[in-house]
Structures are given as structure tokens and as C-alpha cells.
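The values are calculated or read from the model by the stated rules, or taken from the named source; none is laboratory data. Just so you know, these numbers come straight off a predicted model, no measurement behind them. Every residue, glycine among them, receives a Cβ derived from its backbone with ideal geometry; neighbour counts consider all protein chains shown.
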Amino acid sequence: MSDFLRMFQVFEQLFEARYRRRYDARLQLLAYQIEMLRSRINADRIYTCPEERAELTRLGAELDHDIDDVLLVVKRGTYRGWLRPKENTKPKKPGRPGTPQATVNLVMQFAVENLTWGYERIQGELMKLGIRIGATTISDILKRAGRHPIPEKGSGNPPGQWKQVISSHMDTLVATDFFTKPVLTWRGWIDAYVLVFIHLGSRRVLMSPATFNPTEDWVLQQSRNASMRFEDLGIRIRYLIHDRDTKYSQRFRAFWKSENVRCIRTPVRSPMANGYCECFIGKIKRECLNHFVCVSLDQLDYINREWLTYYNEQRPHQGTDIGNKVLRPDFTPTTEGEIKREQRLGGVISWYYREAA
């Protein structure tokens, strides 16, 4: 009997010691959390530091982490998250993720290799390569590198009611205008004339061969050529915008009337009323023709053909209704393949593409 009592007393002492240790651990855990609360008495939220998390988990380990009823400063899920094994990963930085360095390098490459490109032009070229990035981000990248981007040119759209009329007839509206380029001949510098037609809905452009003598018959023949070409492209014309240049003769308007096309003359001294043509002519001069001295009409025609192929098939267009995309309908951006640069006219024209694997 005495042996039984002795064993009972031993078990009683062991149970009391274990219970006391758990009781003391609970008290220590509560006391530590009270200290944390006192140090943050005016705080709206409690953010624990690594040292505090380590101490809380140490005290919780003495209670086998069965402390849901005595947790005061954090939620149960948060505490359980501290106990999960951590992967060897760096903590994420707050805020939006940065632009990949490869994209930053491409932005700088395009800006250095093409000094006349603005940030929206660079954005369009990147979209062709399957890289999505905002125009503001491109502008920030260039500014940080000390290369202030060239301001983008306006779309050339006239304001007010005229703009509303144009926007409501974009798919059936074509605009036309002349531009000149000085050509050096044995008689000196002579202006060569080129006639431009642009379909406003698709931005598709047609250009005539250059001539020194834009006669009424020549203008009429170029109009016939443009009409047939637009028909081949499936573009249905109902309105033609042109200015009050005397080269647009009565025969010119009679031809388009026979094609069921209504000619609309712009107001006097109102180039913005034909803003799409003005914008295109400004582009071809700034980005191409101003870099050349032409010594023959054949040379000028070659330059114009190269530019027109690039404009209609490779160049992203920044118009809001176009969406910074290439005009070619079969073009699809891709993210696979090495990025290559294609150049024409000695590097004056350049674009980028991905080489097929």
C-alpha cells in the first residue's frame, strides 16, 4: 500500500509541475502581449517586428502552440503563418513591379538608333514585338537617362463641328493634297509635285509619281489611278476632301462626281480642315525627305515608294482610332524569336521584328 501511495505522489508532483509550467507560460505570454499593447497605446494598428514574432512563437511553443484563447495582438491565421517554413525568397518590394531591364534596354536602343522617334512611336514598335508598356513609362525611362523624348505631333484634326463631320464619315472619306520637294537639275532647283490620297478610316495612303508639271490632265490621270486602287483595296469612297488649289479643276471634280463621290472643298486658309493629309505630309518630310538631296525624279519616286511601303506595312500608327497598330491586316505581334532591326534608305527608315526560330 505504501508503494502505491508513493507512486501516486510522484505522478501528482509530475502533473502539478507540468501544469504549473503551462500555467506560467500562459502568464508569460499574456504579460508579453500586454507590454506590446502598452508600447502601442496610441497606434491604430499593430505591426510586429521580427524580434517580437520570435518571442511570441517561443512562448507559444511551450504550450504546443495551443494558444488561441490567449492571443491578443494578432489573429490565429497570422500566428499560424509564422510557424510555416519560409522559402529562401527575397521579400517583395512595396508598390508596382518595375519595368524589366530587358524592356528598358530596348527603349534606350530604339531612342538612340532613331533620334526622331517620340515615346508613342517607340511604344508602337514595342507592341509589334509583343511587349506591352505605357507611353508614360517610356517617357520616364528616357528622362531618367537624360534623353528628353521628342514631343508627339498632334493628329491634325480640326476642332469643332468640322471634326464631328469627319469622324462620322471616316470609313467613306478620302483626303487629298499636294506636297513639293526641291530637285536639283541642270537648270537649278525645281520643285517636284506629288499628289497624296489618304483614306481616313484605315490611314491607307496612295502617292502619285513626282512631276515638275502637274497639269490638269496629269491630276485627272492620278485621280483615275487612285480610284481604281482604292476599289482594289475594297475601300468605298463617298466623300473627297481637298483644298482650293487651282490644280483641282472642274474636270477633276466632274470625274469624282461620275464615281458617285462628293468633293468637299476646305475653307480658305484652313489647313487644319485637311489635317490628316497635312499630318502625313509633315511626317514624310520630317522623317524621310528632309534627309535627302534629290537630283532626279526617279530618285524621289524611289524614296517615296520605300517610305510608302514602310508606312502602310511596318509603321505603327498613333491615331486613337488606330490604337498604335500596324496597318497591315495580316500583322500579328509575337513574343518569340530574336529581335532584329531592318533598315531602308541608308538607315533613315528603320523598324524592328522578331526573327522566326
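Given the condition surrounded by 15 or more Cβ atoms within 10 Å (Cβ to Cβ), modelled with pLDDT under 75 and either out of contact with any Lys or Arg (no Cβ under 6 Å at 6 or more places or on another chain) or not aliphatic (A, V, I, L, M) (or both), answer yes or no: does some residue in region 130-144 qualify? Within region 130-144 (the criterion being surrounded by 15 or more Cβ atoms within 10 Å (Cβ to Cβ), modelled with pLDDT under 75 and either out of contact with any Lys or Arg (no Cβ under 6 Å at 6 or more places or on another chain) or not aliphatic (A, V, I, L, M) (or both)), the answer is no, since none of the residues qualifies. Pairing residues of region 94-113 that are modelled with pLDDT of 85 or more with residues that are small (G, A, S), at Cβ distances under 7 Å and at least 6 apart in sequence or on separate chains, gives M108/A145. Looking only at region 223-249, residues that are over 24 Å from H317 (Cβ atoms) and in contact with a strand residue (DSSP E or B) (Cβ under 8 Å, 6 or more places away or on another chain) come to 4 in all. When R315 is tested against (1) closer than 26 Å to T211 by Cα; (2) among the charged types (D, E, K, R); (3) surrounded by 17 or more Cβ atoms within 10 Å (Cβ to Cβ), exactly one condition is not met: (1). Here the condition is being surrounded by 15 or more Cβ atoms within 10 Å (Cβ to Cβ), aromatic (F, W, Y) and either within 23 Å of G134 (Cα to Cα) or at pLDDT below 90 (or both); of W307, W351, it holds for W351 alone. Among the residues making up region 218-256, a single one is over 41 Å from the mean Cα position of the chain (by Cα), exposed (fewer than 12 other Cβ atoms within 10 Å of the Cβ) and within 21 Å of P271 (Cα to Cα): T246. Identify, please: which residue in region 190-217 is under 19 Å from S249 (Cα atoms) and among the charged types (D, E, K, R) and is, among those, surrounded by the most Cβ atoms within 10 Å (Cβ to Cβ)? The extreme case among them is E216.
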